[in-house]
């Protein structure tokens, strides 16, 4: 009898826990706007997704709901986020979005994190006629698919490499060594970079690639040190950024300009690299000093998520949400109308004016950022700069 | 025969699933079938021999890359066959060497060779094709992919049953029990193991070839994902690799359960899944299908109601 009652207690406790887990029945007058998305909370994509993307989704829903809800052509409706973990697995991502669009029939979908995941979801969303505005997709091939319902707010390889090369030339750089990752991102960027360098008469003294998950690059870096270039360009992303920066410092490879591409703008790069991060350049778009809107966004992000947004794609994620919000306010939730509005309208966002040419966003130029005294300053192009580039980089 | 009829009816029902016109139900079924096919083919070799192979991801990835290379030029069935054959060829080549190893050494080396293939493909693609990721734009419809995966999974079940009953199946079980004794009794262990290993590889390769088109874009890290082999082994273990029902039940239970938990408890499901796995390993060592449920029920009844029964 004793064990039986204990079991009953346990069952009751489980049942109560189960009930608590159910979403509460709101007594709102207007129906909620259902927003479906997957983000990687586990697996290899999780660090990127949880730095750059999902915190913005949570912040957006929080802010909009605190203000009474999403303005749907004048009617305020609360946002209901339906966000699930995609385990960094492509098939799970495709399946989840199919569920959102066909079974759940959500009102809006927000994109997953990363270029590969966007490749998988974009055609499915296009087929079901759901507009998708993506912040973390970086591939000319994806842009070239010309999917009418698919938009990317992030700068693509060409403008980013153009900004880098212009900045190098403006600082009198004559020679570089280049390291890049063996993947689509590395190859597309290197493909854009080389002709641009050639056009400016900058010589490539050494060019090496390395595989994902590499654990030691000191041999490659020693070779580059021997070549003694004016600048180093790394088409890299975390965790190799940490590896390359750390090992360059160890072996005393100290070019005047040191550029590592993605993830340099992550706050964790500054924290992990400490003083070595000072003067490092990388892909960036903004910082809180850029404008009042940027400062407001930065503070709200820190207040809700207890951590800083990254200085590149985080703001592009936020801008994508602003675009959705402005679109819904204007044309409501009719997806065809939303798509047409996004395709032809110029939007005011945290990054300034944005507008699309096909899939690609063309309002925000390619930029270069540099860590200076704990802030990722925009140093190129001059029209967007928040500080002057510090060249040469100090190494001690 | 009753089982055969059951499989036949189930196959007919599954084949008719696209009638429902529910992409989510269909892709759920697709995932189940993919893992069912992978787990059945894995169990085909690793169940009877007790050689823990972790090469499934490599087979799967090779198949996927065959699709990426051949889809534009070859008809769909040929692409699938080629994917399976590429995996089979790879299994044959590595099998000649690694099947001499046993236990943990075999598991580790099969896993390591998977990594080797991944990096080799990266290198070849970069050097000769100037790319790493592959985009597939002209893909067959999702119904075609679904039926293809269904056929491959059914073929795997059919092969498991018939191969298991054949001379080779008996020899494989003999090797699993005692390899030296089997050899003394006239079995050529290397030859038999190689046949089993290659046969099981074909299905993983063909499934990789069929699934690749679902994601529009593939790169070595998505298709040579170790997650695929870990999940396959878990499913086979949870279901029980010694009968064909084991991996099938395992795939069904595991896919549905993990999907249900992922969608309903997005922040807790990993923990729950982990607990469930530990429980099933501790209390169901022979797997769901291999477990003697009747004996367990009898034991529970004796313990719980034994006193009341005697009172009556």
Taking residue B:227 as meeting all but one of (1) in contact with a helix residue (DSSP H, G or I) (Cβ under 7 Å, 6 or more places away or on another chain); (2) in a helix (DSSP H, G or I); (3) closer than 20 Å to residue B:204 by Cβ, write down the number of the exception.
(1)
Subset of segment B:1-23 (residues that are modelled with pLDDT under 90 and within 14 Å of chain A (Cβ to nearest Cβ)):
B:20, B:21, B:22, B:23
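Answer with yes or no whether residue A:236 is at negative phi, touching a helix residue (DSSP H, G or I) at 6+ places or on another chain (Cβ under 7 Å) and not assigned by TED's automatic domain parsing to the domain that holds residue A:49.
On the way: at negative phi: yes; touching a helix residue (DSSP H, G or I) at 6+ places or on another chain (Cβ under 7 Å): yes; not assigned by TED's automatic domain parsing to the domain that holds residue A:49: yes.
Criteria met by residue A:236.
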Could you please let me know if residue A:248 is assigned to a helix (DSSP H, G or I), touching a residue at least 12 places away in the same chain (Cβ under 8 Å) and not assigned by TED's automatic domain parsing to the domain that holds residue A:60?
yes
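Please tell me if residue B:242 is assigned to a loop (DSSP other than H, G, I, E, B), more than 14 Å from chain A (Cβ to nearest Cβ), touching a residue at least 60 places away in the same chain (Cβ under 8 Å) and in contact with a helix residue (DSSP H, G or I) (Cβ under 9 Å, 6 or more places away or on another chain). If you could, list the steps in order and put the result at the bottom.
Numbers: assigned to a loop (DSSP other than H, G, I, E, B): yes; more than 14 Å from chain A (Cβ to nearest Cβ): yes; touching a residue at least 60 places away in the same chain (Cβ under 8 Å): yes; in contact with a helix residue (DSSP H, G or I) (Cβ under 9 Å, 6 or more places away or on another chain): yes.
In short, yes.
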For segment A:153-162, indicate whether the set of residues that are surrounded by 17 or more Cβ atoms within 10 Å (Cβ to Cβ), more than 22 Å from the chain's Cα centre (by Cα) and within 25 Å of residue A:351 (Cβ to Cβ) is non-empty.
no
Within segment A:289-317, how many residues are touching a residue at least 12 places away in the same chain (Cβ under 8 Å), surrounded by fewer than 24 Cβ atoms within 10 Å (Cβ to Cβ) and assigned to a loop (DSSP other than H, G, I, E, B)?
5
Do you know which of the residues in segment A:180-217 that are closer than 17 Å to residue A:238 by Cα and more than 14 Å from chain B (Cβ to nearest Cβ) is surrounded by the most Cβ atoms within 10 Å (Cβ to Cβ)?
A:217
Would you mind telling me which numbered condition in (1) over 22 Å from residue B:29 (Cα atoms); (2) surrounded by fewer than 22 Cβ atoms within 10 Å (Cβ to Cβ); (3) within 14 Å of chain B (Cβ to nearest Cβ); (4) out of contact with any strand residue (DSSP E or B) (no Cβ under 7 Å at 6 or more places or on another chain) residue A:170 fails?
(3)
Quickly run through segment A:128-149 and pick out the residues that are within 11 Å of chain B (Cβ to nearest Cβ) and touching a helix residue (DSSP H, G or I) at 6+ places or on another chain (Cβ under 9 Å).
A:128, A:137, A:139, A:140, A:141, A:142, A:145, A:147
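Looking only at segment B:191-206, count how many residues are more than 25 Å from residue B:66 (Cα to Cα) and surrounded by fewer than 18 Cβ atoms within 10 Å (Cβ to Cβ).
Pass one, segment B:191-206, residues more than 25 Å from residue B:66 (Cα to Cα): B:191-193.
Now restrict to residues that are surrounded by fewer than 18 Cβ atoms within 10 Å (Cβ to Cβ): B:191.
Residues meeting the conditions: 1.
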Quick check on my filter: what residues within segment A:72-91 are more than 20 Å from the chain's Cα centre (by Cα) and facing chain B (nearest Cβ under 8 Å)?
A:91
Every listed condition ((1) outside any helix (DSSP H, G or I); (2) in contact with a helix residue (DSSP H, G or I) (Cβ under 9 Å, 6 or more places away or on another chain)) holds for residue A:279 save (2)
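Of the residues that sit in segment B:258-272 and are within 7 Å of chain A (Cβ to nearest Cβ) and not in a helix (DSSP H, G or I), which one is farthest from residue A:88 (Cα to Cα)?
To start, the set of residues in segment B:258-272 that are within 7 Å of chain A (Cβ to nearest Cβ) comprises B:262-263, B:265-266, B:270.
Next, only the ones that are not in a helix (DSSP H, G or I) stay: B:265-266.
Numbers: B:265: 17, B:266: 14 Å.
Checked segment B:258-272; the qualifying residue farthest from residue A:88 (Cα to Cα) is B:265.
Being in a loop (DSSP other than H, G, I, E, B) and at pLDDT 90 or above, is that true of even one residue in segment B:54-64?
Residues of segment B:54-64 in a loop (DSSP other than H, G, I, E, B): B:54-55.
Next, only the ones that are at pLDDT 90 or above stay: B:54-55.
Yes, because at least one residue in segment B:54-64 is in a loop (DSSP other than H, G, I, E, B) and at pLDDT 90 or above.
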Which of (1) touching a residue at least 60 places away in the same chain (Cβ under 8 Å); (2) on the phi > 0 side of the Ramachandran plot is the odd one out, the single condition residue A:152 does not satisfy?
(2)
Residue pairs, Cβ under 8 Å, 6 or more apart or interchain, first in segment B:129-143 and touching a residue at least 12 places away in the same chain (Cβ under 8 Å) and more than 8 Å from every other protein chain (Cβ to nearest Cβ), second in a loop (DSSP other than H, G, I, E, B) and surrounded by 16 or more Cβ atoms within 10 Å (Cβ to Cβ). List them.
B:134/B:219; B:136/B:71; B:136/B:216; B:138/B:71; B:139/B:71; B:139/B:216
Say whether the condition of being surrounded by fewer than 19 Cβ atoms within 10 Å (Cβ to Cβ) and over 30 Å from residue A:103 (Cβ atoms) is met by at least one residue in segment B:243-258.
no
Kindly check whether there is at least one residue in segment A:334-344 that is farther than 21 Å from residue A:159 by Cα, touching a strand residue (DSSP E or B) at 6+ places or on another chain (Cβ under 9 Å), surrounded by 15 or more Cβ atoms within 10 Å (Cβ to Cβ) and not assigned by TED's automatic domain parsing to the domain that holds residue A:56.
no
Failed item in (1) modelled with pLDDT of 95 or more; (2) closer than 19 Å to residue A:255 by Cα; (3) surrounded by 16 or more Cβ atoms within 10 Å (Cβ to Cβ), with residue A:241 passing the rest:
(1)
Can you give me the ranges of the strands (runs of 3 or more DSSP E) entirely in segment A:46-144 with at least 1 residues that are surrounded by fewer than 24 Cβ atoms within 10 Å (Cβ to Cβ) and either outside the structural domain of residue A:266 (by TED's automatic domain parsing) or modelled with pLDDT under 95 (or both)?
A:70-72, A:75-77, A:79-85
Is it true that residue B:159 is assigned to a loop (DSSP other than H, G, I, E, B) and either surrounded by fewer than 19 Cβ atoms within 10 Å (Cβ to Cβ) or modelled with pLDDT of 95 or more (or both)?
no
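Could you identify the single residue in B:221, B:188 that is surrounded by fewer than 24 Cβ atoms within 10 Å (Cβ to Cβ), within 12 Å of chain A (Cβ to nearest Cβ) and either under 20 Å from residue A:43 (Cα atoms) or out of contact with any strand residue (DSSP E or B) (no Cβ under 8 Å at 6 or more places or on another chain) (or both)?
On the way: B:188 fails: within 12 Å of chain A (Cβ to nearest Cβ).
None of the other options fit; the residue is B:221.
The values are calculated or read from the model by the stated rules, or taken from the named source; none is laboratory data. Quick caveat, the model's predicted, so the values are computed rather than measured. Counting neighbours? That spans all protein chains shown, and the Cβs are built from the backbone with ideal geometry, glycine included.
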